[in-house]
Amino acid sequence: MMRKKVDKKASPENAPEMIIVRPGEQPPCLKPGFGICRGCFGWENMLEAVLSGDPVWSSALIHCSETGLAVTLKKQ
């Protein structure tokens, strides 16, 4: 199945709203020079999968096991 490429430079006003399910600090993988945490796709990769339009990912809970932050995509 071909997926729509997500424009990482899309303007914030066009970005879908995320709902914070559980507050937490910024995931460490978003910091410059940090690699990928063990057992995690990486925060940007998970969000990209959510925004790609894949129905499985669009309803997923995106969670950082290091900081506890958990978000989901707001349903339109």
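Just so you know, all these numbers are worked out from the coordinates, no wet-lab data involved. Not measured: the values here are computed from a predicted model. Counting neighbours? That spans all protein chains shown, and the Cβs are built from the backbone with ideal geometry, glycine included.
Can you report the principal axis dimensions of region 15-73 using only the alpha carbons, biggest first, rounded to whole angstrom?
29, 21, 21
Give me the net charge of E25's neighbourhood, meaning all other residues with Cβ under 15 Å from the Cβ of E25; Lys, Arg count +1, Asp, Glu -1.
Surrounding charge for E25 is +1.
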